[in-house]
Amino acid sequence: MTYKRQIGHLPIIPADAKEHNVVCHYCIVGCGYKAYTWDARYEGGTAPNQNKFGVDLSKQQESDTGNWYAPSMYNIVKQNGHDVHLVVKPDKNCVVNSGLGSPRGARIAEMSYSRQRNTQLQRLTDPLVWRYGQMQPTSWDDALDLVARVTAAVIAKQGEDALFVSAYDHGGAGGGYENTWGTGKLYFGAMKIKNIRIHNRPAYNSEVHGTRDMGIGELNNCYEDAELADTIVAVGTNALETQTNYFLNHWIPNLRGSTSDKKKAEFGNEPVDRARIVIVDPRRTVTVNACEVEAGKDNVLHLALNSGTDLILFNAWFTYAADKGWIDKSFIQASTKDFDKAVAANKVSVADAAKVTGLSEADIVKAITWIAEPKAGGARRRAMFAYEKGLIWGNDNYRTNQALVNVALATGNIGRPGGGCVRMGGHQEGYSRPSDAHVGKPAAYVDQLLIGGKGAVHHIWGCDHYKTTLNAMEFKKVYKKRTDIVKDAMNAVPYGDRNAMVKAITDAIAKGGLFAVNIDIVPTKIGEACHVVLPAATSGEMNLTSMNGERRMRLTERYMDPPGQSMPDCLIAARLANNLERVFREIGKKDVADKFKGFDWKTEEDAFMDGYAKHEKGGEFVTYARLRAMGTNGFQEPATGLEAAGAVAGGTSTGASPAASSDQQKIVGTKRLYADGKFNSKDGKASFAASAWRGLQAPGKQAEKEKFRFLINNGRTNLVWQSAYLDVDNELVMDRWPYPFIEMNPSDMTELGLKEGDLVEIYNDNGSTQAMTLPTPTAKRKQAFMLFGYPTGVQGNVVSKGVNELIVPNYKQTWGNIRKIADAPEGVKHLSFKSSEYVT
Amino acid sequence: MKSCDKLVDAGRRHFLSSAGAMTAAAAAVSVLSTEAKADQAPSTLIRYPKSRLGNVADLKVNEPLAVNYPDDDAPGVLIKLGQRVVGGVGADGDIVGFTTVCPHKGFPLNYVASDKTMNCPGHYSRFDCEKGGQQIWGQATQNLPQYTLRIDEKGDIYAEGVDELLYGRLSNVL
């Protein structure tokens, strides 16, 4: 039976409920929500004066009402030690989502820790240590002492390069400015850790070096640009599922033609019409379907190209636009350099591009015509370019990224209304750390070093390589072996004998062992291999700042208690630093100990004021009090001043004194980057890039393609996106997707003797994994698509270790074979296997 | 006084996590196991009306019959699917009833007979009428609220409950 909550009534939010600003902590869009809390002993009433909405709740409310919340938006939690009702519902006044809730964000309350309603009881409540052959609870002092002693002993003997670190670099849950600063100050300030990697990739690098090296930051426009564009170009992004409310609230209105008045107001006499959209994706997605429904098929051009051939398509567009003169000559002259060099280097004919991409020449020309042909009267066409993992985790990341930016730059579409060339993003952003220059470029390929036996201690912050890395099967095999060496050694000494324990661990390390420490909010798969697990608080259990995909910075206010002893990552980092300082002092290394000073933070706000406020561009204008007052709309980074005082000259502030905490002046932000035609380079000019096509770039990919039958394309799905770590304990989600699906063409399934819901093995020379078949008539033959990063079937097991020159992984170009394991198990028999596409 | 306060607090905690909670009807439900939830009658505190929605003779295979339940402001449908389904009633086990208000934003759902799904023009959500209203794909955080149906000896079809909260009301019975 399909999961039903059997809930026919929810407590009513009383008029006196407390209201808190919340930004959804799952994806980059950062939808605005409000959390309402009130004492668990009572509820409001249906009369207007008895409820928060001031309306008669004994009446049916209209569609799209703000006066309703779903059972998933409700819970009972602890607040300052007392039971309170909690409702977290979308905020109609937030310009990002205008009251829309995605199927992730609308479950924030239900995915909160509640002993009262038995939700998310998986959450970590105590520090855990490996003791007597299993993980056992302990005190913070005990756990941190053990971590500090082992870490300090290793550093004292082998140097900082023996400490390996995996850490998030983003905003939202498991990140945010407070926590990236806390971890950053520890590993890049007090220490200079070189062997460090980011949560979703095996090195410490940007996923979008390409655009940055051209002088163009990747989040350069605003969401309103999607309402103003003549043409939207979507590359490797399935926005309806992975930036849901950005797509629904800002793209769809333009595709429907309902933003024409806004365009006229902005652009005067320039001709305007509903947007057209070019979608570059080998797979037909629900995004394509929704665009066709709203804009009509004539206004949607889906270029279902051969996987990994995007680069040559963009070069063909670039060449064609340059030949036709569909370029912004004055902009190129004033604000860029190396245009002619790039035109020469990237020259490719439409015919050649058609051959490689498998697209028709007519479609390639149609696309660039929609993008760049001047409008009636000669006005420049406004095109917005958006890209995500199809490009970022695809073939030849660096050059492909640059090839797309070349097109946007040549057509004058950066820093202008209705333009932009932006990544769509995964998490919100929230990066504030001391310089990472010592890491180098290319950065160390940390996973391969660990597989190769390097590293003695591994600190893991909010990531789970076992689920979300490439070459995952090999990684897990070696990682388990190395951490087991330490576990066995720990089993052999009494836990209470600290000196003996530290010696046993360091001796085991000398024999190839690895001591692993995991900081997370939930038990993870890699955590099963770890020796110490430290419990962290998440968004809403702490105050947390982040920015979304248009650099909109907000503060999520703390509205509930963190579970048990858990605490914010920034404070865990600080307490770890305090312990390292103490231990280094004890072992007579005063000079090293002194480097761990400056971690006397008591609250996350202390970490924010020490980090963001002092070190980020415009940070001197930003305080918690001002962010609180600016609610769920916040401001767009960088801050340039305060409304009363007006914008002042921007620039990185170092050491400016923080404002008084009661000061609630409005912060002035930046709607679009580069609106003045000045870019991130010494001379202020953006560079065009030479980015010639060179086939499947990552080592081994071409051979894998030739050897195996199916493309194992991979990505996300609507219900589970940036929320999977909590979804594993959510009944609605696990009822719908007990196993990762693999979309397959029905004819391919027939050939392999497969029925819907069967469990299949996907295998190649890198490893093997499992998935549940999902017959998909729109899937191309021999092109499967598997749900990525799912705990009951890890797609990364079959992804090769091949990366680009800057160690960016290539998940998308993976080929493998598929065979049946078993008939559909009991747990999938209630599932619907009908098409995801909306039918009018 | 202090220990006394603690006792009161502990008492309240127990109260809230036991099945007898009054304010938190939802809390009461959540402590039951998944199995119990699936198999037992709705255990909310709502007293649902038993409403006659039609007669089996009114139904043609795969043609939805517009109804309202639990009251006139709550539109829904009865459908004779033509094939036995889990939760279906009647001699053929194929009669089901659902709300037609999308549980995401309250837009009216369209029944698509070709694949027996409900489709939302607001944000493209789809629900499978043959699978207990499971959301095939969409923006809602609930599967589609389904009616508990009973058919009497005359073939009259009665609705006697709903298994999820209806959009736009914080109590299914206003």
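Values quoted throughout were computed directly from the atomic coordinates according to the rules given, and no laboratory measurement underlies them. Please read these numbers as outputs of a predicted model, since none were measured by experiment. Neighbour counts run over all protein chains shown; Cβ positions are idealised from the backbone, glycine included.
Stick to the Cα atoms of region A:83-176, pair each with every other, and give me the Kirkwood hydrodynamic radius in Å at one decimal.
17.7 Å
How many Lys pairs in region A:1-133 lie less than 27 angstrom apart by Cα atoms, where the lysines are 8 or more positions apart or on different chains?
Final tally of qualifying lysine pairs is 22.
Could you list A:LYS441, A:LYS194 in order of exposure, starting from the residue whose Cβ has the fewest other Cβ atoms within 10 Å?
With the fewest neighbours first, A:LYS441, A:LYS194 line up as A:LYS441, A:LYS194.
Sum up the charges of everything whose Cβ sits under 10 Å from the Cβ of A:LEU305, counting Lys and Arg as +1 and Asp and Glu as -1, but leave A:LEU305 out.
-3
Any idea what the alpha-carbon Rg over 2.2 N^0.38 Å comes to for region A:186-287?
The reported ratio for this selection is 1.47.
What is the distance in Å between the Cα centroid of region A:165-233 and that of region B:129-148?
Using only Cα atoms, the two centres lie 38 Å from each other.
Take each uninterrupted DSSP H stretch in chain A, measure its Cα extent along the helix axis, and return the ones at 24 Å or beyond whose mean Kyte-Doolittle hydropathy is at least -0.5.
Qualifying helices: A:140-158, A:569-586.
For the protein assembly as shown, place one equal point scatterer on every Cα, skip the solvent, and apply the Debye formula. What is log10 of I(q)/I(0) at q = 0.10 Å⁻¹?
Taken in order of the listed q values, log10 I(q)/I(0) reads -1.32.
Label-point separation (nm) for A:THR778 and A:ALA690, each offset 7 Å from Cα along Cα-to-Cβ?
So the two model labels end up 4.1 nm from each other.
Using Cα positions and a limit of under 19 Å, work out the lysines in reach of A:LYS685, with same-chain residues fewer than 8 apart set aside.
Of all the lysines, those that pass the test against A:LYS685 - Cα under 19 Å, at least 8 places apart if same chain - are A:LYS329, A:LYS337, A:LYS341.
If I take every Cα pair under 8 Å that is 6 or more residues apart in chain A, average their sequence separation and divide by the length, what percent do I get for the relative contact order?
Computed value for chain A: 17 percent relative contact order.
If we count other beta carbons within 10 Å of each Cβ, what is the order of A:ASP91, A:ASP676, fewest first?
On the way: A:ASP91 26, A:ASP676 10.
Fewest-to-most ranking of A:ASP91, A:ASP676: A:ASP676, A:ASP91.
Count the DSSP beta bridges whose two residues both fall in the protein assembly as shown, then state the antiparallel fraction as a percent rounded to the nearest 5.
Rounded to the nearest five, the antiparallel share is 65 percent.
In the neighborhood of A:SER114, defined by Cβ-to-Cβ distances under 10 Å, what is the net charge if each Lys or Arg adds +1 and each Asp or Glu adds -1? Mind showing how you got there, number by number?
Working: positive: A:LYS78, A:ARG115, A:ARG117, A:ARG123; negative: A:ASP83, A:GLU110.
Once positives and negatives cancel, what remains is +2.
Please arrange A:MET609, A:MET214 by counting, for each residue, the other beta carbons lying within 10 Å of its beta carbon, fewest first. Intermediate results must be reported in sequence, preceding the final value.
On the way: A:MET609 21, A:MET214 26.
Taking fewest neighbouring Cβ atoms as first place, the list is A:MET609, A:MET214.
Near B:VAL162, within a Cβ-to-Cβ distance under 13 Å, what is the net charge of the other residues, with Lys and Arg +1 and Asp and Glu -1? Mind showing how you got there, number by number?
Numbers: positive: A:LYS4, A:ARG5, B:ARG47, B:LYS50, B:ARG169; negative: B:ASP71, B:GLU160, B:ASP163, B:GLU164.
Every neighbour counted, the sum reads +1.
Less than 14 Å from a label point 7 Å out along the Cα-to-Cβ axis of A:ASP823: which backbone N atoms in region A:749-766 qualify, by residue?
Under 14 Å, as judged by backbone N against the label point of A:ASP823, lie A:754-759 of region A:749-766.
What does the convex hull of the Cα atoms of region A:431-509 come to per residue, in Å³, rounded to a whole number?
For region A:431-509, the hull spanned by Cα atoms encloses 151 Å³ per residue.
If each DSSP helix of 4+ residues adds -39,500 (n - 2.57) and the sum is divided by the residues in chain A, what number results at 222 nm, nearest 500 deg cm²/dmol?
After summing the helix terms and dividing by residue count, I get -7500 deg cm²/dmol.
Starting at the first residue of region B:94-111, write each ³J(HN,Hα) from the Karplus equation 6.51 cos²θ - 1.76 cosθ + 1.60 with θ = phi - 60°, in whole Hz, x for Gly and Pro.
10, 9, 10, x, 9, 5, 10, 9, 5, x, 7, 10, x, 7, x, 7, 9, 8
Would you work out the relative contact order for region A:1-91, in percent, from Cα pairs under 8 angstrom that are 6 or more residues apart?
Computed over region A:1-91, the figure is 30 percent.
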